[in-house]
Every structure is written in structure tokens, then in C-alpha cells.
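Peer 1: So that we are looking at the same thing, I have put the structure below in C-alpha cells.
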Amino acid sequence: MVKNLLAVLGSEYQGRGIFVVISNTPKISASDVCKLVASLAGGNGGGTATFAKGGCSDGSRVDNAIAEINKIIPVKYGLEKVAN
């Protein structure tokens, strides 16, 4: 099992944006991250500390939201960005 995993996935489907966040890092809630990334795209989301999903009505905003969350997460939680 991978320790300290945070995965933020985003995609456009039928014109809408979809986000899925998985975390096994105790100090990072998947729900909090999902709410943040979805709000960056004009949507909303939520779930549990380990799994969350969200969406937005404009799928064209997904790429920008993912790019922004990649900048925010390392600063907010003091982490290194490992993969894109």
C-alpha cells in the first residue's frame, strides 16, 4: 500500500466536469480537497476523509481547476508536488 497518497482526478464528460479525490494522508481530507477543486471550477463536491467526488456544470473549467489545485495543495499542506 502506498503511504501518504493524494490523488486528484478531473475529467469532462458530456459538457460537465467531474472530480474524484482519494487520500490516505491523515492530515489531508479528500472531502476538503474535492470541495476546493470543484469550487475553482464553479461547482461543488464532498465525501469522506478518504474519498470524495464532485462536479461542475462547465467541463471546460476542469483543466484550469486541476492546474490551480496542483499549485495550492503543496503550499496549503506543506507537501512536495510529485506527479502531474
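Peer 1: Gly15 passes all but one of (1) in contact with a Cys (Cβ under 8 Å, 6 or more places away or on another chain); (2) surrounded by fewer than 12 Cβ atoms within 10 Å (Cβ to Cβ); which number fails?
Peer 2: (1)
Peer 1: Another one. What's the number of the condition Cys34 fails, among (1) surrounded by 14 or more Cβ atoms within 10 Å (Cβ to Cβ); (2) part of a loop (DSSP other than H, G, I, E, B)?
Peer 2: Of everything listed in (1) surrounded by 14 or more Cβ atoms within 10 Å (Cβ to Cβ); (2) part of a loop (DSSP other than H, G, I, E, B), Cys34 misses just condition (2).
Peer 1: Oh, and also: Filter region 37-54 down to the residues that are small (Gly, Ala, Ser) and part of a strand (DSSP E or B), then identify the one that is nearest to Ile18 (Cα to Cα).
Peer 2: This residue is Gly54.
Peer 1: Among what's in region 39-61 and is in contact with a Lys or Arg (Cβ under 9 Å, 6 or more places away or on another chain) and hydrophobic (A, V, I, L, M, F, W, C), pick the residue that is surrounded by the most Cβ atoms within 10 Å (Cβ to Cβ).
Peer 2: Ala41
Peer 1: Only residues that are in contact with a strand residue (DSSP E or B) (Cβ under 8 Å, 6 or more places away or on another chain), more than 14 Å from Leu79 (Cβ to Cβ) and aliphatic (A, V, I, L, M): list them for region 22-39, please.
Peer 2: If the condition is that a residue be in contact with a strand residue (DSSP E or B) (Cβ under 8 Å, 6 or more places away or on another chain), more than 14 Å from Leu79 (Cβ to Cβ) and aliphatic (A, V, I, L, M), then Ile22, Ala30, Val37, Ala38 are the ones that fit.
Peer 1: Right, here's the next one. Looking at region 55-76, is at least one residue among the aliphatic types (A, V, I, L, M) and part of a strand (DSSP E or B)?
Peer 2: There is no residue in region 55-76 that is among the aliphatic types (A, V, I, L, M) and part of a strand (DSSP E or B).
Every read-out reported here was derived from the displayed coordinates using simple, explicitly stated rules and does not represent laboratory data. Predicted model only: the values in this text are computed from it and were never measured. Backbone-built Cβ (ideal geometry, glycine too); neighbour counts: all protein chains shown.
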